[in-house]
Amino acid sequence: MKLAIKLAYRNLIGAGLRTWLNVIVLSFSFVVIIWMKGILIGWDHQAREDMKNWEIGEGQYWQEHYDPYDPFTLAESHAVIPEELQSEIAANRMEPVLIAQGTLYPQGRMQTILIKGIDPGQELLMLPTEKLDTAVAAVPAIIGSGMARAGKLAKSDYVTLQWRDRNGTFDATEIVITEIFTTNVPTVDGGQVWIPLDELQSMLMMPGEATLLTFEDGKAERPEPAGWKLKTSEELTADVTEMIQTKTIGQSVFYIILLLLAMLAIFDTQVLSIFRRQKEIGTYVALGYTRRDVVWLFTTEGAMHAVLAALVAAAYGIPFLIWQADVGWTLPVDAADYGMAMAQTLYPVYSFSLVLSTVLIVMLATTVVSYWPSRKIAKMNPTEALRGKIQ
Amino acid sequence: MKNENVIQIKNLTKTFPMGKTRFTALEDINLEIGRGEFAGLIGPSGSGKTTLLNITGSLDTPSSGEAWVLGRSVSTLTAREAARLRKENLGFIFQSYNLLVVHTVFENVEFPLLLLGYSGSKRKKMVMDSLEWVGLTDKVKSKPPQLSGGECQRVAIARAMVKKPSLVLADEPTANLDAANSHHILQTMEKLNKELHTTFLFATHDDKVIRYLKRKIYLFDGKVDKDEIIENPGK
């Protein structure tokens, strides 16, 4: 084993450019695979963190009829906040949100929206709700930058808002945009207008009611009040998990192609080596190797490409990956278009297991690809190999 | 087999498939070569000398009959045993040198010692001794493409001799060399034969080599035609 490694190393270094071309291609695979997987992990971390900070906290209670994917349930998705949760709300560790359907008339156009009521004094979520606590002539409202773009709305704009109260009666009022916030979480932005909770409760004639309750303590033992469903942060981020899994599969295809290209280079080199180095193979046998030993030597040689590639990848990859983790990768398209929690700039996160698994996969694949053509050596006639006769 | 014989061949026949028939390369060969001999298999192309050399070197096996090399029957050796025999006891010299081109002269000569598991310091001493025999101590860091044909063959001799084998098999060692280099190579081998009592068996049809041989075994159409001992080889 030690001898095979020593000889393989000598052969590889001696082969010069041919070795280094393979090594560079393979090192590129190492770095790109780690970087791409790092981006996915980073995205996953960021998305979960952003969703927690902007929307879901450490979990939520949903009124039993609430279904965020079915706007027709909204008319029924409200109930009086349960007594047993009032203390948490009073301690600012839980924030009620009331949701209703409405229609906005920006510059004469009509836009169906969700009206969300939230306490202006809340500090649980990153929404700039303090801007709702503003003395203005109309109902103060904050919107996300996505909503502002879609409705062509700017700060201080007045716009008509229409809704139906709990009795189905239409009503309308003027709202004024007091703040436009930027977020990576489109589910608090697109098609939504945030106004003070008490204002919305009054507009809908639903005093003391809410659609969902967001809490900050996810570890505490939680009651399950009648008419409310407890949603853990894992359940609430399931969509992100699913999306990232889908993306992971897509990216796997990409890096399998990348790996295949590198493997093709190794395979090609091995096939060529066995063809060109027949005399050398015969010489090894004459000097005391069995053909099996020569197969092992050639396999080690091929596999050693991966070892050299890992070293080369470390030389330029580590600075690159650290730099990327620092400055991130800015998406070439607007992240808001993805319709899910995704920052415009993604910061890759690399774990030890990611690096280790990538190194092991590449090394294993390289070894298999190196062994495959080397098996031909075992069938070679050493006397013909010595004379370099094509076999 | 007598122990003083390095090679003993008895009724050896070797055939190769050739279409639907078989081609007989060697037929009923009987031969004994003792320790310290400087012998040659002489014959034209196709006479079977390289085939006999390969069988003697345990790189091939006889179709029938027996070949004993250093007391071991070539046809009954496993691949590993044959490799061990070559590794420990045999040295090979080839017509086209068969040096490892990406390795330096030192590394080429060191190779058989690596297989034998010698320590680094011992390897270094033995390699330098061997290179000194062939007069190439100034080329240790050169690679084969940087050497002349004569120098390459001297490296091959150093590689064959470095482990002080019992038997050296040389297949047309001077075929690619000019007269001056051929004589230099043969003188080196003759000196090693005298000093180390290594048995040399050549396969050749080169007059320059034949003149040095102390025993000439003529092969013709796969059979031993003539076997003569030369008391005072003329050069």
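Each value in this text was obtained by applying a stated rule to the coordinates, not by laboratory testing. What you see is a predicted model; the values in this text were computed from it and never measured. Don't worry about glycine lacking a Cβ; one is built from the backbone with ideal geometry, like all the others, and counts go over all protein chains shown.
Descriptive notes on the structure:
- Counting only Cα atoms, the size of the range A:253-300 along its three principal axes is 45, 18, 9 Å, in decreasing order.
- Cα shape, the protein assembly as shown, gyration tensor, a/c 1.5 rule: prolate
- Prolate/oblate/rounded call for the range B:70-186, Cα gyration tensor, a/c under 1.5 rounded: oblate
- Helix B:79-89 vs. chain B, principal-axis angle (Cα, 0 to 90°, nearest 10): 60 degrees
- Working note: Debye formula, equal point scatterers on the alpha-carbon atoms of the range A:59-217, no solvent; log10 I(q)/I(0) at q = 0.12 Å⁻¹ is -0.47.
- For chain B: rounded, prolate or oblate by the Cα gyration tensor [a/c cutoff 1.5]: prolate
- Legend: P(r) of the range A:128-247 from all alpha carbon pair distances, 5 Å bins from 0, whole percents, reading 2, 9, 15, 17, 18, 16, 12, 8, 3, 0.
- The range B:1-88 - percent relative contact order, Cα under 8 Å, separation 6 or more: 33 percent
- Separation of the range A:358-379 and the range B:50-76, taken as the distance between their Cα centroids, equals 34 angstrom.
- Separation of the alpha carbons by more than 23 angstrom is noted, of A:Lys116/A:Lys155; A:Lys52/A:Lys116; B:Lys87/B:Lys125; A:Lys116/A:Lys229; B:Lys143/B:Lys191, for B:Lys143/B:Lys191.
- Distance between the range A:32-83 and the range B:105-172 - C-alpha centres, whole angstrom: 73 Å
- With the helix formula -39500 (n - 2.57) applied to DSSP H stretches of n ≥ 4, chain A reaches a computed 222 nm mean residue ellipticity of -16000 deg cm²/dmol.
- When chain B is treated as a Gaussian network with alpha carbon springs shorter than 10 Å, the biggest mean-square fluctuation among B:Tyr118, B:Tyr212, B:Tyr97 belongs to B:Tyr118.
- All aspartates and glutamates inside 17 Å of B:Lys141 as judged from Cα atoms, apart from same-chain residues fewer than 8 positions distant: B:Glu107, B:Glu110, B:Asp129, B:Glu132, B:Glu151
- Of all DSSP beta bridges in the range A:59-217, antiparallel share, percent nearest 5: 75 percent
- With a threshold of 27 Å on the Cα-Cα distance, the over-threshold entries among B:Lys10/B:Lys49; B:Lys122/B:Lys194; B:Lys14/B:Lys208 are B:Lys14/B:Lys208.
- Normalised by the number of residues in chain A, the average gap of Cα pairs under 8 Å and 6 or more apart makes the relative contact order 27 percent.
- Counting Cβ atoms of other protein chains within 10 Å of each residue's Cβ and taking the mean over peptide A:8-16 gives 3.
- Straight-distance candidates among the lysines for linking to A:Lys379, with alpha-carbon spacing under 19 Å and chain neighbours fewer than 8 residues away dropped: A:Lys279, A:Lys389.
- Using a Gaussian network model of chain B in which every pair of alpha carbons under 10 angstrom is joined by a spring, one finds that among B:Asp28, B:Asp129, B:Asp178 the greatest mean-square fluctuation is at B:Asp178.
- The protein assembly as shown - share of DSSP beta bridges that are antiparallel (%, nearest 5): 65 percent
- Rounded tilt (10° steps) of B:179-196 against the dominant C-alpha axis of chain B: 90 degrees
- Taking other Cβ atoms within 10 Å as a rough exposure proxy, A:Lys152, B:Lys49, A:Lys376 sort from fewest to most as A:Lys152, A:Lys376, B:Lys49.
- For chain A, built as a Gaussian network whose Cα springs stay under 10 Å, the top-fluctuating residue of A:Tyr69, A:Tyr289, A:Tyr61: A:Tyr69
- Nearest 10 degrees, 0 to 90: helix A:2-15 Cα axis against chain A principal axis: 90 degrees
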